[in-house]
Amino acid sequence: MRGIRPPLLVAALLGLPALTAAGCGTSIESFDTVTDRGDSIVGLMNLILVISAVVFVLVFALYGYAIVRFRDRPGAGEPSQVAGNRNLEIAWTAAPLLLLAVVFFLFTVPVMRKVESGTDTPPLRIEVVAHQWWWEYRFPDLGFVTANELHVPVGVPIRFELTSADVLHNFWVPQFGWKKYNIPGQTNVMTMEIEEPGVYEGACAEFCLGPHAWMRIYVVAESPEDFAAWARLHQQPPPLPTDPLALRGLQVFLANTCVNCHGVAGTAAAGNVGPNLTYLGLRDILGAGVVPNTPENLAAFITNAQAVKPGVRMPRYDFTPEELAALVAYLEGLR
Amino acid sequence: MATISEPYPRPGEEATSYSGLLGWLTTVDHKRIGLLYIGAGTLFLVLAGLGALLMRLQLAVPENDLLGPDAYNAVFTSHGTSMVFLVGMPLLFGFMNYFVPLMIGARDMVFPRLNAFSFWIFLAGAIILYFSFLSGEPPHQGWFSYAPMTHPPYTTNNSVDYWITGLIATTIGSIAAAINIIVTVAKLRVPGMTPLRIPVFVWTAVVASFIVLWALPSLTAAQVMLLFDRRLGTDFFDPPGDPVLYAHFFWFFGHPEVYILILPAFGMVSEVVPVFSRKPLFGYIFVVGSTIAIGFYSFLTWAHHMFSMGLGLLTDGFFGATTAIIAVPTGIKVFSWLATMWGGRIRFTTPMLFMVGAILIFVIGGISGVHFATVPMDWQTTDTYYVVAHFHYVLIGGTVFMAIGGFYYWFPKITGRILDERLGKWHFWLSMIGMNVTFFPMHFLGLMGMPRRVYTYPDRDGWFELNLLATVGAFIFAASIALLVVNVVYSLRRGRIAGDNPWNAWTLEWATTSPPPAHNFDRLPPVRSARPLWDVEQGQVPAGLTHEAPSSELAQRPPAMLPPVGRGLIQRMPAPVLGMWAFVSSEAVFFGALITAYLVYRFRDFEPGAAALDVPLIAVFSLALFASSGTIVMAERRLRRNDDRGFRLWLLATIVLGLVFLGGQALEYGALIGEDFTISRNPFTSAFFTLTGFHGAHVVVGLIMLAVVAWLAFRGVFRDGRRHAAVEAVALYWHFVDVVWVVVFTVVYLGAVVW
């Protein structure tokens, strides 16, 4: 035991997870931002981490030296009883204070101001209404509503207006660069321009009871043209099914309690307790990210949602196999 | 000044008149109460630690179903609540209870019975919290239980109510304990122990006690309002009330709480590092000064827990700056300990190993703490595993390892035997490895997108590997704690006999036997510096110059009735009065929170609002209350002149005036409720009734205290100058109730007219 010096050990420990992460080819999403403002946050974070590393190495080196050098050895005399050194004490009070002040006012404050600034051109407004445990996305200027899967254009200023239908939630897509709370009765704003197309996953970061873990965020950033096409589609209600099975599914949907909680544009279903299902067939995920959107998963979710996403508000349904198949055909056909 | 002549049993000996279990149940000996705290803290450490292992098992692999969401949420809530309130605080209060009186050369705490009360009500609160599991409705909202998920319809069972009542009970115990520590250190220091000779651990205990006094009432106020929201239908924290206000109240308590948990641990390091370096603490004044500075700043940083709530740039900037500043006094300590070791003769015994290891782990937590002061970095990392990593580095590296170091250091004093060094070193290395393997990967998990408080997670790149690593680390860490238990059991029987001062330490607890006798000291060395036993060892004080302490005559008195020492304002004040000052300062914070809530909703124009209040009616009845402060002064004056009849008369006049005021409040409430201006109408009415109602409740308590004083007065208890301190303390409380009404009347009633 005596042979191992704490600094060595700590260094080895620090290296371990970093190596693990690197070995898996993992991206550290918080550093891999795709928004204008997120990039400036990463710049600040990098600066802070470099300073942190310097402070860390300095303190550990000094302690390491003291541990090795001043270890009690046989025959060592009584150490001199130094009780302090006023100049030294003032120095190690003033130096960190100065460093912190410089970093805070020269680097932190400008980034804060940039992140919270407005836009020159009117942004695309997206209302993000958090629910236990799904996301409602409203496009007030485009006049449609969707849920759980959000499409946004790249290269266009976007203004997220965050609020909540029930408890506190926190809208966090790590690659956007930062997060903000959804608070009932209040609106928080995040403004940004997404620079690269891609699928960006995130999650509700504030604990909101029950299946908080499965309140994931799924954002598809695409070219303004693709986004325009997606938005145009959503501005129209889905066409009535022509396939008899799907048409039967629509009847099952409207005749059951589905409509108390879910809405589908162009039908009598207008519930807003659970996710809006308009164009559900186009989405990649079900249950706010708990499973991929496949007919099998959808059937399982309808039959016994508790088994797929424990704690979710949806009750179990005892549809006949024929009804279930029709319902799945209808919902998956909403595309 | 009060003196008392009847004999009074020494508290320690009173307790030992019972043996066995009954002895422990009835003890008022600070050492036994300290051990009760440490024992209870250890029990809950094991329970909360088992909860942590359950969580790590659940998170070992993605999409695991060992625990469902509700079970997991209950376990992490219990883990956090327990670690803060049932582990950290009792362990530290245990050490304070045991060692503060010994280190200042006192016979016991100043209020031994209050001390026992503190422990038992703490334990009652802990039992309420754990009973919730037996009832099947454990709290599952997290240790800060943000509104409005604590409200119906989101939480309809009793879980939140267990959390509220359990914690209010432990908080009462903590506040009583804090008052006791403060007054003990103020009043019972051995002659010669001037402020700059007080051991640093005692200083940190005092500063932590002040934080307890002034931070915890904010939690109690928040919990009371939350309870009213849930049970009386008020609207403090659910719309149209403001959930963010709850977060403000919680963190006004919650951030200082971190310093309650860390400062006494810093104090332990400041005792151990010098002893094992054979040098005095480097920069005593800066270490003590930085402790006080941290205590002060801890009240100015709370909103950094809320940066991503959208408080605005100005608020975020202010709290970011204060949070960055608080790193400075913390850094001072790290450098002071380093400089203490520098040029010393360092003996790496287990206590020293733990302290140095703890400092280094804490440095990592301190550095990541500055990351959260960097507001945009906080926006990215808050509510993620990065936070989980950060505060475990602070609380395990800081509080837990430092307390374990303190445990190894003081175990010989408590038991007379030294903990086995070989097992101790295994324990140290195992816990260092376990701790880092558990928590270091969590930094990466947070940055990679894993939110905190998730019962499971999708199988994204690298999440599984890092989580599994953390789980392995947790079991290594748990094994190290098991090793500590083994060491304790082994060393209690076979450990090396310690003798009075096995480490060649310098503070007064080492000047008595191990374990100390019930009355602590037969003799004390003179205190000429912060290191009295060093002075004896170096022959710097004449060997013959030891004085008996406390004198046999003084030992016959309850500590609270000891004559004043010194001529300062605080020294001249009787202990009960000083204790009452501490108590009312704590109460003032409670009212501060209620007044804040009132003002917040006062200006949001709810209808009915302040315009509905009958200001002239209350103005008239307020005169009665204001006058009662005068009558109680008259009563005290008569008492000092030994005019027993006049004393009783003015006392009765005070009671009558208090009753008149309450009658006025009843009239007001009746009229308002008749107009459907009820507590559940809107946030304004909620705040109005809660504020004025709590003041009314305080008037009632004051009246009960006055009635007891009056009853004792009629029995002649206060004749011939006896027990005046009790009357003084009650009078102070009454003045406080009056002063609160001056503020409430101004804010609520005059405010209704003026604004």
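The values are calculated or read from the model by the stated rules, or taken from the named source; none is laboratory data. Note that the structure is predicted; figures quoted are calculated from it, not measured. Cβ placement follows ideal geometry from the backbone for every residue including glycine, while neighbour counts extend to all protein chains displayed. Accessible surface is based on the protein model in full, side chains and every heavy atom, while ligands, DNA and RNA are left aside. Shrake-Rupley method; radii C 1.70, N 1.55, O 1.52, S 1.80 Å.
The table for this structure:
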read-out: Average projection area in nm² (convex hull over Cα atoms of segment B:437-497, one quarter of hull surface); value: 5.5
read-out: Approximate shape of segment A:154-247 as ellipsoid semi-axes (Cα gyration tensor, √5λ), whole Å, largest first; value: 27, 21, 13
read-out: Spatial separation of Cα centroids for segment B:679-750 and segment A:121-194, in angstrom; value: 51
read-out: Accessible area of residue A:72 in the full protein assembly, 1.4 Å probe (Å², nearest 10); value: 50
read-out: Share, in percent, of DSSP beta bridges within the protein assembly as shown that are antiparallel, nearest 5; value: 70
read-out: Taking all pairs of distinct alpha-carbon atoms in segment A:53-138, Kirkwood radius in angstrom; value: 19.4
read-out: Expected-Rg normalisation [2.2 N^0.38 Å, Cα atoms] applied to segment B:381-452; value: 1.42
read-out: Positive-end residue of A:331, A:276, A:298, charge dipole of segment A:209-332 with Cβ unit charges; value: A:276
read-out: Subset of A:179/A:309; B:279/B:425; A:114/B:333; A:114/A:180; B:187/B:279 violating a 27 Å alpha-carbon distance limit; value: A:114/B:333; B:187/B:279
read-out: Volume of the Cα convex hull of segment B:252-334, divided per residue and given in Å³; value: 79
read-out: Segment A:23-76: radius of gyration over Cα atoms, expressed as a fraction of 2.2 N^0.38 Å; value: 1.94
read-out: Virtual paramagnetic centre 7 Å along Cα→Cβ of residue A:94, amide N under 11 Å, in segment B:285-301; value: none
read-out: Percentage, to the nearest whole number, of Cα pairs in the protein assembly as shown over 47 Å apart; value: 36
read-out: Percentage, to the nearest whole number, of Cα pairs in segment A:117-186 over 17 Å apart; value: 44
read-out: Selection of chymotrypsin sites (Phe, Trp or Tyr not before Pro), segment B:570-605, meeting DSSP coil and at most 14 other Cβ within 10 Å; value: B:603
read-out: Segment A:230-284, Cα convex hull volume normalised per residue, Å³; value: 89
read-out: Whole-angstrom gap from segment B:609-661 to segment B:266-334, using each part's C-alpha centre; value: 44
read-out: Net charge dipole size for the protein assembly as shown [Lys, Arg +1 and Asp, Glu -1 on Cβ; Debye, nearest 20]; value: 4880
read-out: Segment B:140-189 - Rg and Dmax from Cα coordinates, angstrom; value: 16.7, 54
read-out: Chain A - convex hull of the alpha-carbon atoms, volume per residue in Å³; value: 193
read-out: Where labels lie 7 Å past Cα in the beta-carbon direction, separation of residue B:113 and residue B:71 in nm; value: 4.8
read-out: Difference of contour (0.36 nm per residue) and Cα-Cα distance, residue B:26 to residue B:232; value: 70.3 nm
read-out: Electrostatic dipole magnitude of segment B:194-280 [Cβ: Lys, Arg +1; Asp, Glu -1; Cα centre; debye, to 20]; value: 600
read-out: Once exposed loop trypsin sites (Lys or Arg not before Pro) are cut out (DSSP; at most 10 other Cβ, 10 Å), longest piece of chain B; value: B:1-566
read-out: Under 17 Å from residue B:31, Cα to Cα: lysines that are on another chain or at least 8 residues apart; value: B:413
read-out: Two-site label geometry, residue A:229 and residue A:242: point separation in nm, points 7 Å out along Cα→Cβ; value: 2.0
read-out: Positive-pole candidate from B:293, B:240, B:269, dipole of segment B:205-327, charges at beta carbon; value: B:269
read-out: Dipole of chain B [Lys/Arg +1, Asp/Glu -1 at C-beta], most positive-end residue of B:534, B:443, B:302; value: B:534
read-out: Loop-exposed GluC sites (Glu not before Pro) per DSSP, neighbour cap 13 Cβ within 10 angstrom, longest uninterrupted part of chain B; value: B:64-552
read-out: Trypsin sites (Lys or Arg not before Pro) within segment A:253-331, DSSP loop, no more than 16 other Cβ atoms inside 10 Å; value: A:313, A:316
read-out: Averaged over B:328-337, number of beta-carbon atoms from partner chains that fall within 10 Å; value: 5
read-out: Compactness of segment B:289-421 - radius of gyration and Dmax, Cα, Å; value: 17.6, 57
read-out: Hydrodynamic radius (Kirkwood) for segment B:212-350, which is based on Cα pairs only, to one decimal in Å; value: 17.3
read-out: Estimated distance in nm for a label pair at residue A:141 and residue B:475, the labels positioned 7 Å out from Cα along Cα-to-Cβ; value: 5.5
read-out: Centre separation in Å (Cα based) which lies between segment B:462-519 and segment B:86-106; value: 16
read-out: Surface/4 of the Cα convex hull for segment A:197-335, nm²; value: 8.7
read-out: Accessible-area value, residue A:55, 1.4 Å probe, nucleic acids and ligands omitted, Å²; value: 50
read-out: Tail beyond 23 Å, pair distance distribution of segment B:98-232 (Cα, percent); value: 44
read-out: Convex hull of chain B built on C-alpha atoms - directionally averaged projected area, nm²; value: 33.2
read-out: Efficiency of FRET between residue B:490 and residue B:750 - r from beta-carbon atoms, R0 56 angstrom, step 0.05; value: 0.25
read-out: Geometric extent, Cα atoms of segment B:617-755 - Rg, Dmax (angstrom); value: 16.9, 55
read-out: Estimated D of segment B:46-92 in µm² per second, where Rh is the Kirkwood radius over Cα pairs and Stokes-Einstein applies at 4 °C, 1.567 mPa s; value: 117
